[in-house]
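Chemist: Starting off with a structure, shown below.
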Amino acid sequence: MTIERGEPSKSAARPDEAELPWVEKYRPVVLGDIVGNTETIERLKIIARDGNMPHVIISGMPGIGKTTSVLCLARTLLGENYREGVLELNASDERGVDVVRNRIKTFAQKKVNLPAGRQKIVILDEADSMTAQAQQALRRTMEIYSATTRFAFACNQSNKIIEPLQSRCAILRYSRLTDEQVLRRLMEIIKAEDVQYSEDGVAALIFAAEGDMRQAINNLQSTVAGFGFVSGDNVFRVVDSPHPIAVQAMVKACQEGKIEAALETLRTLWDKGYSAVDVVSTMFRVVKTMDSLNEFVKMEYIKEIGFTHMRVLDGVSTYLQLTGCLARLCRVAQT
């Protein structure tokens, strides 16, 4: 992986918020600073330029910028009236029907001096955790106050939003960030904070994040706070997951039919306290990136690891389950 030193975004760091966690300190404040999902961000920029925001549902995996996008859009639309004109409810708030009937309805009825053609914005983060009754209660509220209030739902799974709400909203789907996008933002923060690092340390951050920008930045700050230097070993100590080099050696031993060597590595990982889910998840990620496996063997390995993962999630998370997985991987390589 080639690492390039990037320039920190002009609006990324805010000196008056120096004591904030880095994930908040470097949180984008305008749509142009958001990393990834370029086409969707361009649609939001058009909405910000025209000023007529529809009700929206933004769905996607955690840590890829859903809530940040809505907040940036709200800042652009409302300007100085942002604090008065935005109601944000998070998953930590009560999400029952009483909140809809009281807080949301009261906010929708409130008179706020906004620029011409602008509306108040209600942001419902983790909206898929709302009860069905609360979502039903929102239907009428959205219709009655649509002239003055617009709703933005951020969720991980849009299918958990009831269909009557989906039909009232424009649905935007966010995909995972690529490794290059995560790398670019990490290098901006590393340069801004003058962090000492090695290339394998940054690669480890990207590997552990799996496209989750928030997790990557949190792991970076935790590694710096705990060790002062971002190296591969330090990162995997912080995230507390099996080192992919050890897991790769275990898989290679299976590929070569050396079951004893594979079991020895597995025993070492097990004795360190890693759970079956940790080991299987890392095996899956490692196998996907192993160039030494041909396509047929790689697909068979992924299938066997997937079946093992299913059994582990069903409750059979024993050491014997993992040894059985390694034995099946050896058999696949031999046949």
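Chemist: Along the Cα-to-Cβ line of residue 299, 7 Å from the Cα, sits a label point; which residues in segment 315-335 have backbone N less than 20 Å from it?
Modeler: Residues 328-335 qualify, since their backbone N sits under 20 Å from the label point.
Chemist: Now, a different point. Once the principal axes of the Cα atoms of segment 271-322 are found, what is the range along each, listed largest first in whole angstroms?
Modeler: 31, 22, 15
Chemist: Where Lys and Arg each count +1 and Asp and Glu each count -1, what net charge lies around residue 59 among other residues with Cβ under 10 Å from its Cβ?
Modeler: +2
Chemist: A further question follows. What number, rounded to the nearest 500 deg cm²/dmol, is the helix-based mean residue ellipticity at 222 nm of the chain, given -39500 (n - 2.57) per DSSP H run of at least four residues and division by all its residues?
Modeler: That calculation yields -16000 deg cm²/dmol at 222 nm.
Chemist: Residue by residue, what Karplus-based ³J(HN,Hα) values in Hz, rounded to whole numbers, does segment 321-335 have, using 6.51, -1.76 and 1.60 with θ = phi - 60° and x for Gly and Pro?
Modeler: 4, 6, 5, x, 4, 4, 4, 5, 5, 4, 5, 4, 5, 6, 8
Chemist: Next up: What net charge is computed for the residues neighbouring residue 286, neighbours being all others with C-beta under 13 Å from the C-beta of residue 286, Lys and Arg scored +1, Asp and Glu -1?
Modeler: With Lys, Arg at +1 and Asp, Glu at -1, the net is +1.
Chemist: With 10 Å bins from zero, work out the P(r) of the chain over every alpha carbon pair and list the percent per bin.
Modeler: P(r) for the chain, in whole percents per bin: 5, 22, 25, 22, 17, 7, 2, 0.
Chemist: Under a 5 Å amide H to amide H cut-off, with H placed in plane at 1.01 Å, what residues pair with residue 172 once short-range neighbours are removed?
Modeler: Excluding prolines and chain starts, which carry no amide H, the hits are 57, 58, 59.
Chemist: Of the accessible area of the chain, with the probe set at 1.4 angstrom, what percent is carbon plus sulfur?
Modeler: Heavy-atom surface of the chain belonging to carbon and sulfur, 1.4 Å probe: 48 percent.
Chemist: At residue 88 and residue 30, where each label point lies 7 Å from the Cα along Cα→Cβ, what is the point-to-point distance in nanometres?
Modeler: 1.9 nm
Chemist: How much accessible surface area, in Å² rounded to 10, belongs to the heavy atoms of residue 227 with a 1.4 Å probe?
Modeler: Number for this one is 90 Å².
Chemist: If DNA, RNA and ligands are ignored and the probe is 1.4 Å, what is the ranking of 278, 50 by accessible area, most exposed first?
Modeler: 50, 278
Chemist: Over segment 126-261, what per residue volume does the convex hull of the Cα atoms give, in whole Å³?
Modeler: About 191 Å³ per residue, rounded to a whole number.
Chemist: How much accessible area per residue does the chain have, counting only protein heavy atoms and a probe of 1.4 Å, in square angstrom?
Modeler: Per residue, the chain has an accessible area of 50 Å².
Chemist: Would you mind calculating the gained length between residue 285 and residue 327 on full extension (0.36 nm times residue separation, minus the Cα-Cα distance), in nm to one decimal?
Modeler: Length gained, residue 285 through residue 327: 13.2 nm.
Chemist: If you add up the charges near residue 145, with Lys and Arg at +1 and Asp and Glu at -1, over every other residue whose beta carbon is less than 11 angstrom from its beta carbon, what do you get?
Modeler: +4
Chemist: What residue among 218, 294, 159 has the largest mean-square fluctuation in a Gaussian network model of the chain, using Cα springs under 10 Å?
Modeler: 294
Chemist: Between segment 101-147 and segment 310-335, what's the alpha-carbon centroid distance in Å?
Modeler: Result: 50 Å between the Cα centres.
The values are calculated or read from the model by the stated rules, or taken from the named source; none is laboratory data. Computed from a predicted model, the values in this text were never measured in an experiment. A quick note on method: Cβ atoms are made from the backbone with ideal geometry, for glycine too, and the neighbour counts reach across all protein chains shown. Protein only, heavy atoms only, side chains kept; ligands, DNA and RNA dropped before computing areas. Shrake-Rupley method; radii C 1.70, N 1.55, O 1.52, S 1.80 Å.
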